[in-house]
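In what follows, a single structure is set out as structure tokens and then discussed.
The values are calculated or read from the model by the stated rules, or taken from the named source; none is laboratory data. Predicted model, so just to flag it, every value in this text is computed and none were measured. Here the Cβ positions follow ideal geometry from the backbone for every residue, glycine too, while neighbour counts run over all protein chains shown. Areas reflect the complete protein model, heavy atoms only, side chains present, ligands, DNA and RNA absent. Shrake-Rupley method; radii C 1.70, N 1.55, O 1.52, S 1.80 Å.
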Amino acid sequence: LTAMGEPSMDPAISAADSTAQQDSLFSMMDVFLISLITGLFTYWFFFRKKKEEVPDLPKMQTVVAPVRDSSFIEKMKKTGRNIVVFYGSQTGTAEEFANRLSKDAHRYGLRGMAADPEEYDLSDLSRLSEIDKSLAVFCMATYGEGDPTDNAQDFYDWLQEADADLSGLRFAVFGLGNKTYEHFNAMGKYVDKRLEELGAQRIFELGLGDDDGNLEEDFITWREQFWPAVCEHFGVEATGEESSIRQYELVVHTDVNMNKVYTGEMGRLKSYENQKPPFDAKNPFLAQVTENRKLNKGGERHLMHLELDISNSKIRYESGDHVAVYPANDSSLVNQIGEILGTDLDTVMSLNNLDEESNKKHPFPCPTSYRTALTYYLDITNPPRTNVLYELAQYATDSGEQERLRKMASSAAEGKALYLSWVVEARRNILAILQDMPSLRPPIDHLCELLPRLQARYYSIASSSKVHPNSIHICAVTVEYETKTGRLNKGVATSWLKGKVPEQSGSSSLVPMYVRKSQFRLPFKPSTPVIMIGPGTGIAPFMGFIQERAWLKQQGKEVGETVLYYGCRHEHEDYLYQEELARFQKEGILTQLNVAFSRDQAEKVYVQHLLKKNKENIWKLVNEGMAHIYVCGDARNMARDVQNTFYEIVSEFGNMSQPQAVDYVKKLMTKGRYSLDVWS
């Protein structure tokens, strides 16, 4: 065979020689092949690997990860519930209200359960009528500019696309919003309207809570009329007074492996020691603070610029996104609560849900110590809501203090007024209440059960990932004020961030964080002009925008006009990023830099005044240049005043009536050409 692959023989060789050679060749080949086959057979016979005997093992059961039952109907049937309270919650308040409503149900001979819509298949709403005296309640918060909260996004998408027949469904909705925002309670209004469109029966009117006013009072007022409507509809009566029912039982661990104890993690145990992407609200990344500098040159306030290192985290962000950070409470407040209640804060315990069928086994990660719970998991700085006061009242040994607590938790006008003045307006947190009511000494485990969860704080990212792919910048002002009782209250997150020491070993320089995507985006075409309006720390996202426009220019892209309207109190005190902005202007990145110093003259000057001053240029950029407008900062006053100024400019130069001008600006918003990133 090998010879056949060789070059052909010389034609000069005689035929006889050729024949002789072939005879010789084939006889040699035969011998070779026979020897090869014999050798291979001998090797196989003597040296082959004997087949191993496989022991007959019992078949292993396939281990399947437990799948959470996504049917809330089956769960309600199994546990004898007839009221389900769904919550769309971003900061925990809607979830808190849902829990309160589900606990209320027992007073009327009904059984309720609070439910996260993210955990269930909401198309099952059409089957709720299978359960006697059934009702679905929705506590829906509105996030940002009329958006659903993260956990209600799938429910919102389903409602938009659904053509389900919900004619057997009975429902009620309480919305949580803020009137300083353009789209007040948009989510609550939408859910209420859409459920009715799908045939569901509303048994009580839509409640609209306003966090700019008194959200707690709005909820109580709605709730006290909601339950009589439920009673009338189902023909049931209240079985008695509201009673204190514990939802969790205390288990103290005297002999526990400390490796099994939570020390501040949000989800997985030891997740801060063994970090694994992807990073999100339940699995934050521990970012190192690499820079923490004071931005203002003078004044009483402390404005700061922080840089968080996200190297090796696989976290990606865009200019305009938000960074969420999980802060820790001040250790002195935690210690004072421990002292006043005479508790060893290092006691390791668990609070276990008495309802074994509940998806929520603990109010916060357990087992843990009281110190960890009060430091990382519980909100101890905001004024407690009325349900907390009601539950605590039983522990006041002084009858006057007990009566006062019960009155503030009641729905009577006098009680509401007392709660508003003594708790809300005086900004009394739980420690202040314990200090001002000497006979009130509740068990610390019940207090931990009642306090709401400490929430993440969101900040507009002040950098561009094109320029800083491994770093996220924050611009913030520390919150510090004196209350009516003479106490000094400090903002939890900003005070905590202020104390972060760059690149120091240990937790003193680490920040648990994750990124939340935003709709606050630069135009797709770099050549589109942008008008950015952001006084104070509202400049944060625009630092990212300007950095990105500078980067685009360096890449040879055509970059449109980049116009900034910024404002602060005094030019020589709190002019943030002054040097950076001056450099961007000098390099031609910032085509206009308009700064309002509100208190450098007798008459206050704000950004809206500068907009009016340049109104002709503004109109030209918007009308002819198709500019995108961005507003960031205070929602209550600034954003509203700026919007009113745009109405005036559009009305004057577009020859429109006031209603037409309003409609014009609203259409800009719909098209994504007028974007807001505001807070109250």
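Which value at 222 nm does the chain reach when only helices count, each DSSP H run of 4 or more adding -39,500 (n - 2.57), with the total divided by all residues and rounded to the nearest 500 deg cm²/dmol?
Helices in the chain give a 222 nm mean residue ellipticity of -10000 deg cm²/dmol.
Given a Förster distance of 56 angstrom, what is the FRET efficiency for Ser507 paired with Arg599, based on the Cβ-Cβ distance and rounded to 0.05?
0.90
Long-range amide H contacts for Glu480: which residues qualify at under 5 Å (H placed 1.01 Å from N, peptide plane, sequence gap of 5 or more or a different chain)?
Gly491
Taking every DSSP beta bridge with both residues inside the chain, roughly what % is antiparallel (nearest 5)?
Around 50 percent of the beta bridges assigned by DSSP in the chain are antiparallel ones.
Using the per-residue mean of other Cβ atoms lying within 10 Å as a proxy for protection, in what order, highest first, do the peptides 596-608, 81-93 fall?
81-93, 596-608
Between Asp436 and Lys282, what is the FRET efficiency for a Förster distance of 51 Å, r being their Cβ-Cβ separation, to the nearest 0.05? Each step should come with its number before you reach the end.
On the way: r = 37 Å, r/R0 = 0.72.
Efficiency, rounded to the nearest 0.05: 0.90.
Averaged per residue, what accessible area in Å² does the chain show with a 1.4 Å probe, protein chains only?
On a per-residue basis, 50 Å².
Could you give the length gained by full extension between Gln554 and Lys133, i.e. 0.36 nm per residue of separation minus their alpha carbon distance, to one decimal place?
Extra length from Gln554 to Lys133 when fully extended: 144.9 nm.
Based on the Cβ-Cβ distance of Ala412 and Ala238, what FRET efficiency does E = 1/(1 + (r/R0)^6) give at R0 = 22 Å, to the nearest 0.05?
0.85
Residue by residue, what Karplus-based ³J(HN,Hα) values in Hz, rounded to whole numbers, does the stretch 457-465 have, using 6.51, -1.76 and 1.60 with θ = phi - 60° and x for Gly and Pro?
Calculated HN-Hα couplings, in order: 10, 9, 10, 5, 5, 9, 8, 10, 6 Hz.
Quick one: what does P(r) look like for the chain with 10 Å bins over all Cα pairs, in whole %?
Distribution as computed: 3, 12, 20, 21, 17, 10, 4, 3, 4, 3, 2, 1, 0, 0 percent.
Take the alpha carbon gyration tensor of the stretch 530-678, find the square roots of its eigenvalues, order them as a ≥ b ≥ c, and report rounded if a/c is under 1.5; if not, report prolate when a/b exceeds b/c, else oblate. Walk me through the intermediate numbers first.
Values: a/c = 1.83, a/b = 1.17, b/c = 1.57.
Oblate is the answer for the stretch 530-678, as a/c is 1.5 or above yet b/c matches or exceeds a/b.
Just subtract the alpha-carbon distance of Thr221 and His572 from 0.36 nm times their residue separation and send over the number in nm, one decimal.
Computed gain between Thr221 and His572 is 121.5 nm.
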